[in-house]
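Presented below is the structure to which this report refers.
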Amino acid sequence: GAFLRDDGAGAFADASPTIQQVFHDPDIFMEMVRTGYQSVYRARGVEFRDLGEVENRLIQQVYMTGPDGIPVLALYEMQRQLDGSWRINGVSIARARDQGV
């Protein structure tokens, strides 16, 4: 998506207002993702998995392979906006055990 195209504005637009307030600027946001979330920044083989609630938060699981070839499971917290749209309010990444995770 936006990260593969180096589309900082597009990626930043998908972030929740909370995340946007923290980073203020698409370039700062992209640098954070580039340095701290390489698996997400240059993911390949992206597969959307389960969508469900965890502790009253809507979590979208996404299986992907990072540029290092290591499979990971990313847990995206989705936040509904006042206009009804959904934005990403955070992500955590764990190494996936195998293709079935």
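The values are calculated or read from the model by the stated rules, or taken from the named source; none is laboratory data. The model shown is predicted, which means the values in this text are computed figures rather than measured ones. In this analysis, Cβ positions are derived from the backbone assuming ideal geometry, glycine residues included, and neighbour counts consider all displayed protein chains. We work out accessible area using only protein heavy atoms, side chains counted, and drop any ligands, DNA or RNA first. Shrake-Rupley method; radii C 1.70, N 1.55, O 1.52, S 1.80 Å.
Computed quantities for the displayed model
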{"read-out": "In the range 69-96, residue farthest from the chain's Cα centre (by Cα) [restricted to those that are of a type outside the set (A, V, I, L, M, F, W, C) and open to solvent by 70 Å² or more (accessible area, probe 1.4 Å)]", "value": "ASP83"}
{"read-out": "Hits in the range 32-68 - residues which are within 12 Å of ALA11 (Cβ to Cβ) and open to solvent by 30 Å² or more (accessible area, probe 1.4 Å)", "value": "MET32, ARG34, TYR37"}
{"read-out": "Test: residue in the range 12-31 that is open to solvent by 60 Å² or more (accessible area, probe 1.4 Å), in contact with an Asp or Glu (Cβ under 6 Å, 6 or more places away or on another chain) and within 18 Å of SER85 (Cα to Cα)", "value": "no"}
{"read-out": "Residue match in the range 32-40 (condition: farther than 15 Å from VAL91 by Cβ and more than 12 Å from the chain's Cα centre (by Cα))", "value": "no"}
{"read-out": "Helices (runs of 4 or more DSSP H) lying entirely in the chain (those with 3 or more residues that are small (Gly, Ala, Ser))", "value": "8-13"}
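For (1) hydroxyl-bearing (Ser, Thr, Tyr); (2) closer than 23 Å to ARG97 by Cβ, each residue gets a yes or a no:
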site	(1), (2)
ASP27	no, no
VAL33	no, no
ALA43	no, yes
VAL54	no, yes
ILE59	no, yes
ASP68	no, yes
LEU73	no, yes
SER85	yes, no
